Amino acid sequence: MASSILVLGAGMVGTCTALHLQQRGYEVTLVDRRGPGQETSFGNAGLIQREAVEPYAFAREPRFLFNSALRRGADVHWHPRGLWQMARPLLAYWDHSRPAHHARATEAYSRLIAHATEEHGLLVAAAGADDLVKRQGFRFVFRTPQALEDAAQRAMDLHDRFGVRYHVENTADLALAEPALHRSLAGAVHWLEPWAVNAPGALVQRYADLFVARGGRSVVADATRLQARGQGWAVQTTEGHLEAEQAVLALGPWADGAIRSLGYRFALFIKRGYHQHYTAPVPLQQPVLDAERGYVLAPMQRGLRLTTGAEIAPMDAPATPVQLAKAEVLARELVDMGEPLPEAPWLGARPCTADMLPVMGPAPHHKGLWFNFGHGHQGFTLGPVAGRLLAEMVEGRQTWIDPRPYSPARFV
Ligand SMILES: Cc1cc2nc3c(=O)[nH]c(=O)nc-3n(C[C@H](O)[C@H](O)[C@H](O)COP(=O)(O)OP(=O)(O)OC[C@H]3O[C@@H](n4cnc5c(N)ncnc54)[C@H](O)[C@@H]3O)c2cc1C
């Protein structure tokens, strides 16, 4: 009989993990309290970011710190309670963001990112999801010539070190490529390899449909208590009791709570983020990052999605979408946003680690339990890579990427 395994959490990471385990002959049950792709993997900017070879560091420039401290810009916002609650992992994040440490994290991170589009491509084809994906890149747009010049230098460096492909566009090139931009800008770095998904939650749902069509079991239930039971694992859910020989925790920003109840204290924290859709009468061709202001505009099935930067606030704190309001003003300088759709702003949380690397591998003190979370700013990008790597580890065979930098054991 096939070996059984529970996957808790059906975001992009858990769903891809379930698919990859199933492909290797496991009998998989995928559990999510809201159904596949309804949380963080629903509300992001939909980018499969082949260019994001460097994990997102704590910016250390004095001007940025000064503005952030005063909550001035649109890119960062914070609640005092959030800073207090997450002070320890945030300080560790600051430390890991020093250039030498960040360079080491980049080595490990870039090895995952390098396979992101290729691994999504296999699942997109198998799931018949081509209609959701546009493979024409993503732009960082710049308002000032100096910022464009700096970004072009950085792009050249990333190309030389990691093979990331890009094209620098001047004012005229950018105006031609993106007629929706009604203000003349200094130019853009057009990353050529990223993909844009026009309904991120729908892509996860298609992957989950593929999993079910191939014989997988998907359960919508709140998994409250995960416990070792005999040789395996049992979880109490609102739909009853589930048991399997092994279990994977893929709970994204909820992972910290789950692992704490098992006795683990990892350097985890969250960065909340918001989105709002607008009617935008002239659509953008590709998503853009307003790089000097810190928000993304992404064309979606529902309209133009404005997504915000990081809000350091507790998971359960009420929504304070001040960054959305600031970013909307800035975005209106660039494009005709039209009207916001009549819906409350979406709020989600990026599952982050202090060392900027995801947590993928065996639970250090529990046999048959596996962790797959902490993919930070690029969990939507990394889902299929993370799913494959974890499934290869569970199988106990040689993995195609060295998993050691992502091991949960680094926190104990
Ligand atoms: C504003 C914003 C923009 C972003 N843009 C991008 C982008 O363009 N590209 C990119 O790669 N990444 C982006 N990200 C990051 C990305 O969205 C996340 O890293 C990714 O979605 C995390 O996936 P996950 O599967 O780990 O978590 P999730 O998608 O949150 O999945 C976790 C699942 O666990 C379930 N769950 C929780 N508790 C329980 C329980 N008790 N029982 C059962 N189920 C439970 C939840 O319902 C949820 O479905 C963005 C994030 C934000 C906030």
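Readers should treat all values here as calculations from the given coordinates under stated rules, not as data from a laboratory. This is a predicted model, so every value here is computed, not measured. Because the Cβ atoms are built from the backbone with ideal geometry, glycine has one as well, and the counts that use them run over all protein chains shown.
Antiparallel as a % of all DSSP beta bridges within the chain, to the nearest 5? Don't jump to the answer; show the numbers that get you there.
Numbers: 52 of 74 bridges.
Antiparallel: roughly 70 percent of the beta bridges in the chain.
Express in whole angstrom the spacing between the alpha-carbon centres of the range 393-412 and the range 133-210. The distance from the Cα centre of the range 393-412 to that of the range 133-210 comes to 32 Å.
Between Glu395 and Ala177, the distance separating the two model label sites (each 7 Å from Cα on the Cα→Cβ line) works out to 3.8 nm.
Close amide H partners of Glu239, meaning residues 5 or more places away or on another chain with modelled amide H under 5 Å apart, are Asp222.
Annotation: the chain has a Kirkwood hydrodynamic radius of 21.7 angstrom, from the mean reciprocal C-alpha pair distance. Note on the range 106-257: dipole from Cβ charges, positive end direction compared against Ala126, His190, Ala177; the farthest Cα belongs to Ala126. Charged side chains reduced to their Cβ positions (Lys and Arg at +1, Asp and Glu at -1) give the range 65-168 a dipole of some 440 debye around its Cα centre. Using the Cβ-Cβ distance between Leu262 and Ala213 with R0 set to 30 Å, the FRET efficiency works out to roughly 0.35. Stretching Arg72 away from Ala409 to a fully extended chain increases their span by 117.5 nm, per 0.36 nm per residue minus the current alpha-carbon distance. Computed over the chain, the per-residue total of -39500 (n - 2.57) for DSSP H runs of n ≥ 4 gives a 222 nm mean residue ellipticity of -10500 deg cm²/dmol, rounded to 500. Could you pull out which residues in the range 157-174 have an amide N less than 11 Å from a spot 7 Å beyond the Cα of Leu192, following the Cα-Cβ vector? Only 164-168 fall inside the zone, counting backbone N under 11 Å. For the pair Arg111 and Arg135, label points projected 7 Å from Cα toward Cβ lie 2.7 nm apart. The charge dipole of the range 220-279, taken about its Cα centre with unit charges on the Cβ of Lys, Arg, Asp and Glu (plus for the first two, minus for the last two), comes to roughly 340 debye. Here the chain is assigned +1 on the Cβ of each Lys and Arg and -1 on the Cβ of each Asp and Glu. Its dipole about the Cα centre then comes out at about 900 debye.
Label separation (Gln231 vs Arg104): 4.0 nm, computed from points 7 Å beyond Cα along the C-beta direction. Comparing Trp370, Met337, Ala325 along the charge dipole axis of the range 323-382, the residue lying farthest to the positive side is Trp370, per the Cβ-charge model.
In percent, rounded to a whole number, the relative contact order of the range 247-344 is 31, using alpha-carbon pairs under 8 Å and six or more apart.
Stretching the chain fully between Ala344 and Phe64 yields a gain of 97.9 nm (0.36 nm per residue, less the alpha carbon separation). In the chain, Cα pairs under 8 Å separated by at least six residues give a relative contact order of 27 percent. Which residues does a label at Asp402 reach in the range 91-119, if reach means a backbone N under 20 Å from a point 7 Å past the Cα toward the Cβ? Once the point is set 7 Å along Cα→Cβ of Asp402, 100-116 turn out to lie under 20 Å by backbone N, inside the range 91-119. If you sort the three axes of the alpha carbon gyration tensor as a ≥ b ≥ c, you get a/c of 1.5 or more for the range 205-297 and a/b no higher than b/c, which makes it oblate. Counting only residues at least eight positions apart within a chain, or on another chain, the lysines with an alpha carbon under 26 Å from that of Lys271 are Lys326. In plain terms, the chain from Arg302 to His159 could stretch by 48.1 nm, reckoned as 0.36 nm per residue minus the Cα-Cα distance.
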